[in-house]
1. Could you pull out the residue among Thr121, Thr105, Thr97, Thr152 that is loosely packed, with under 11 Cβ neighbours inside 10 Å, among the polar types (S, T, N, Q) and on the phi < 0 side of the Ramachandran plot?
2. If you go through region 81-94 one residue at a time, how many are closer than 21 Å to Met177 by Cα and exposed (fewer than 14 other Cβ atoms within 10 Å of the Cβ)?
3. Can you tell me which residue within region 174-223, out of those that are modelled with pLDDT under 95, of a type in the set (Gly, Ala, Ser) and within 16 Å of the ligand (Cβ to nearest atom), is farthest from Pro245 (Cα to Cα)?
4. Quick one: how many residues across region 150-171 are away from the ligand (no atom under 16 Å from the Cβ), free of Cβ contacts under 8 Å to residues at least 60 places away in the same chain and either within 27 Å of Pro114 (Cα to Cα) or not assigned by TED's automatic domain parsing to the domain that holds Pro114 (or both)?
5. Quick one: is Val137 in contact (Cβ under 8 Å) with a residue 12 or more places away in the chain, closer than 30 Å to Asp6 by Cα and in a loop (DSSP other than H, G, I, E, B)?
6. Restricted to region 48-107, and to residues that are touching a helix residue (DSSP H, G or I) at 6+ places or on another chain (Cβ under 6 Å) and among the polar types (S, T, N, Q), which residue is farthest from the ligand (Cβ to nearest atom)?
7. Among the residues of region 141-149, are any away from the ligand (no atom under 16 Å from the Cβ), loosely packed, with under 13 Cβ neighbours inside 10 Å, on the phi > 0 side of the Ramachandran plot and under 24 Å from the mean Cα position of the chain (by Cα)?
8. Might you check whether a residue that is within 24 Å of the chain's Cα centre (by Cα), surrounded by 10 or more Cβ atoms within 10 Å (Cβ to Cβ) and in a helix (DSSP H, G or I) occurs anywhere in region 35-52?
Amino acid sequence: MIPLEDPTTLSLLFHLNSEPWLNDEAYKGGSVNQELKVPDGIIAEIPLPRPSGSALMALLAQRHSCRDFAPVEMSLDNASALLAASYGALAPARFGTQMPFLRRTVPSAGGLFPLEVYVFTQRVQRLEDGLYHYDVVGHSLRQLRRENVFQTLEPMFYTYPFMKDANLVFAIAAVFMRIQKKYGPRGYRYTLIEAGHVAQNISLRAIEPAGDPRVLEVKVALVDALEGQGRAAETRALREEIEGPLRASRSPYAADLRARLAEAALPPEVKLGLR
Ligand SMILES: Cc1cc2nc3c(=O)[nH]c(=O)nc-3n(C[C@H](O)[C@H](O)[C@H](O)COP(=O)(O)O)c2cc1C
């Protein structure tokens, strides 16, 4: 039995024993059936109102896993935006007479922030290919390796072909003792949850980089949502905001987005092909 007061042995054992499990058959099996729980003992089922239009929901609707990256350059602005969203510092807060507290883009048990963000980079504007550590307070990258290290990732990732042309691979590392000295083995769970928050921030920020045509994609989706709720004034304002940039955009997606914007004004039964 591991003594209760031992904060790390149990989680270290789990950590070392949860290395990739190469279940080839499952990997190659293609699509899966999602299982959904129907709990026993349901007393009532309460239908929920339609959620109101939201920029966050429009972003969530656009998020998807990308497994094929174009081998093109990423701007330093986009890399910076992703890093800031991942685990960056926000304006400090002060609670009562306590020391100012450095807020971050994710919640963290006990405000201990056990994670450290590293990025493998290639073809990022003004950045030598290499490995960097993200300095949260300085919002800067500390270079640790100066050659393209993507090939060294190949044996580590079963799905390496999906990421071989990506500009950034985030490595979310943890200093487990930072949090386990307070929470013991449970701090290990908290760390994994926090890493999930960071990953989601990156995913969402990745689909709305400034000046990217995909911002317009999110806004077109939002027009569609607002239109569906009959929020005419907001729809008109947002349409006016994006019509000009959409006309001017030379992105290969722009024509598709223009068509979707036109379609957003159609009544729902027409959109669904019922009329
Ligand atoms: C922890 C984790 C591990 C994943 N591993 C893989 C993987 O090895 N290969 C892969 O193609 N997708 C992987 N995915 C992506 C999932 O397949 C994907 O999120 C899921 O099919 C839902 O699709 P969506 O992200 O496009 O909505 C992973 C996702 C998570 C959260």
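The values are calculated or read from the model by the stated rules, or taken from the named source; none is laboratory data. All of these numbers come straight from a predicted model, not from anything done at the bench. Cβ coordinates were reconstructed from backbone atoms using ideal geometry, including for glycine residues, and neighbour counts include every protein chain displayed.
1. Going through Thr121, Thr105, Thr97, Thr152 in turn, just one is loosely packed, with under 11 Cβ neighbours inside 10 Å, among the polar types (S, T, N, Q) and on the phi < 0 side of the Ramachandran plot: Thr97.
2. Matching residues across region 81-94 total 0.
3. By that ranking, first place goes to Ala206.
4. Looking only at that region, the number is 2.
5. Values: in contact (Cβ under 8 Å) with a residue 12 or more places away in the chain: yes; closer than 30 Å to Asp6 by Cα: no; in a loop (DSSP other than H, G, I, E, B): yes.
Against the criterion (in contact (Cβ under 8 Å) with a residue 12 or more places away in the chain, closer than 30 Å to Asp6 by Cα and in a loop (DSSP other than H, G, I, E, B)), Val137 does not qualify.
6. That would be Thr105.
7. Checked against the condition, which is being away from the ligand (no atom under 16 Å from the Cβ), loosely packed, with under 13 Cβ neighbours inside 10 Å, on the phi > 0 side of the Ramachandran plot and under 24 Å from the mean Cα position of the chain (by Cα), region 141-149 yields no hits at all.
8. There is no residue in region 35-52 that is within 24 Å of the chain's Cα centre (by Cα), surrounded by 10 or more Cβ atoms within 10 Å (Cβ to Cβ) and in a helix (DSSP H, G or I).
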